[in-house]
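Single-structure report; data block below.
Values in this text are rule-based calculations from the coordinates and carry no lab data. Source: prediction; values computed, not measured. All Cβ positions, even for glycine, are placed from backbone atoms using ideal geometry, and neighbour counts span all protein chains on display.
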Amino acid sequence: MKWDEMRQSQNVEDVRGSRRVGGGTVAGGLGLGGIIIAVIASLLFGLDPSQVIGTMSGGAPAQQQGQSAPINDQDAAFVRAVLGDTEDVWNSVFQKQVGQAYRAPKLVLFSGATPGACGTAQTAAGPFYCPVDEKIYLDMAFFQAISAAAGPDADFARAYAISHEVGHHIQNVLGIMGQVQDLQRRSDEVTGNALSVRLELQADCFAGVWGNSTAKRGYVSNTDLTAALNTASQIGDDYLQKRSRGYSSPETWTHGSSAQRVKWYKQGLSTGDIRQCDTFSVQNP
């Protein structure tokens, strides 16, 4: 992945090493990025991903006074480059396909924990999006661990995690997320989970739209795209549930099956069209 040729975003807030300490946990538990990284790490080291996820979900200590981290390291440069490229792509997509201006999110880099509008962001959550302050929160320890284990082969998987969270921001900007959350508040648990699945699959499709543009411009190779699809196939709810307990319960899914995640990522990847990512109007997403 040629991320070093991408424009770096100015919408990154690096609070690593700050004295910001907060209590509580972020809503939603382990996020997509945390799951992706747990699966990749599991495959690399031959561990059960459900065990890794369970360990990660235990949380992490808050940032302590005096902790320090380099501000302009390579990992931060990677994040700025990927976020900057999503800004360029979505500015163009919104202008051509949506007919309105794109409002870019902020991305917060932190270590251990940091307070946010959706609660305290912690390591176990992985990258996640908060619609209240329109920020993506990312603990760089995840990306550093992947880089140490897999090197450059993990780049597009890391970028996939960021682009998925940007996809949630797009849902927020378009009003989709708010509508879904309103419906969930009036629904039973099973219906609420089904709505969550459609929301997550749409974010996968939006990530694919960005992947379409990066491929056309030569920033990623077929190998990168194959790796992303392989990752998507191993973070489905059915795959993770079967690995952890031997069976799957579709009514408890919140992110969708492996087949669904691959299907909708491919939908965005092949079309590059945000209008082809409507996971809410189809009967079986």
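Taking the fewest neighbouring Cβ atoms within 10 Å as the starting point, the ordered list for ASP73, ASP224, ASP238 is ASP73, ASP238, ASP224. Here the simple spin-label model places points 7 Å from the Cα toward Cβ, and for ALA77 and ALA259 these points are separated by 4.4 nm. Judged by the mean number of other Cβ atoms found within 10 Å, the most tightly packed of the peptides 254-260, 205-211, 168-174 leads the ranking 205-211, 168-174, 254-260.
Among LEU225, LEU199, LEU183, sorting on how many other beta-carbon atoms sit within 10 Å of each Cβ, with the fewest leading, yields LEU183, LEU225, LEU199. Near ALA121, the amide H atoms lying under 5 Å from its own belong to THR114, GLY116; only residues 5 or more places off or on other chains count, and H is placed 1.01 Å from N.
Look at VAL82, VAL262, VAL282 and count the other Cβ atoms within 10 Å of each Cβ; fewest to most, that gives VAL282, VAL262, VAL82.
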